[in-house]
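The structure appears right after this line, and notes come after that.
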Amino acid sequence: MPTFLKTIYQRFIRIRGNPREVALGFALGLFIGFTPTMGGQILISVFLASVFKWNKITAAIGVQVTNPFSAPLIYGFTYVIGAKLIGVQRPVDFELTFNWHGIVSMMDQAPTIFLSLTVGGIIIGIPVAAIGYFASYAAVERYQQNLKEKLARQKERLQQKMAQRKSRRQNRKQSRH
């Protein structure tokens, strides 16, 4: 795993909070990331995470699935899926020249494009969000459980050291008298 991905993973699993809320926030972010709301995805996901009392940070992280590199693939795929499901017979037809006719043509097709992207985004976003939920829940819970066990071992070692010190002090007192 590349170092930067490992760093991102390490930081993600260390996010404080209930594993369920962390995972739900992330799943919400992933789902919103597949909707045609680019430009407002972070605001939408953080707002909804606040309403549901899920983790806002992981919601904002989840929407990053749609970024300048992945957006053409994600939106292309969601458009194709959505267009097939709503029965779009012909693909989107844009003119390569920028003129009044091209603008009118684009505006005429906008509702169909938006509906196709929305339907496809929901269809693809639900399973991606579910996978993201279970994967992030497992990772965060495993990290938190390991941390609890480590802290319990440290506490036990400290208690043993304190008991040994107390025992030594008592032995010294008894040997003086």
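The values are calculated or read from the model by the stated rules, or taken from the named source; none is laboratory data. All figures in this text were calculated on a predicted structure; none of them were measured in a lab. Because the Cβ atoms are built from the backbone with ideal geometry, glycine has one as well, and the counts that use them run over all protein chains shown. In case anyone asks, the SASA skips ligands and DNA or RNA and just uses the protein heavy atoms, side chains included. Shrake-Rupley method; radii C 1.70, N 1.55, O 1.52, S 1.80 Å.
Derived value for the chain: Kirkwood hydrodynamic radius 19.8 Å. Basis is the mean of 1/r over every pair of different alpha-carbon atoms. Each peptide among 2-8, 80-86 gets the average number of other Cβ atoms lying within 10 Å of its residues, and from highest to lowest they stand as 80-86, 2-8. Shown for region 38-177: lysine pairs separated by 8 or more places, or found on different chains, whose C-alpha atoms are under 23 Å apart, numbering 4. Region 24-43 and region 146-177 have Cα centres spaced 51 Å apart.
The residues of the chain have, on average, 71 Å² of accessible surface per residue, using a 1.4 Å probe with all protein chains present.
Computing FRET efficiency as 1/(1 + (r/R0)^6) for residue 172 and residue 146, where r is the C-beta to C-beta distance and R0 is 45 Å, gives about 0.70. As a length-normalised measure over Cα pairs under 8 Å and 6 or more apart, the relative contact order of the chain settles at 29 percent. Between 72, 36, 127, the residue with the greatest mean-square fluctuation in the GNM of the chain (Cα pairs under 10 Å linked by springs) is 72.
When +1 charges are put on Lys and Arg Cβ atoms and -1 charges on Asp and Glu Cβ atoms, the dipole computed for the chain relative to its Cα centre reaches about 2920 debye.
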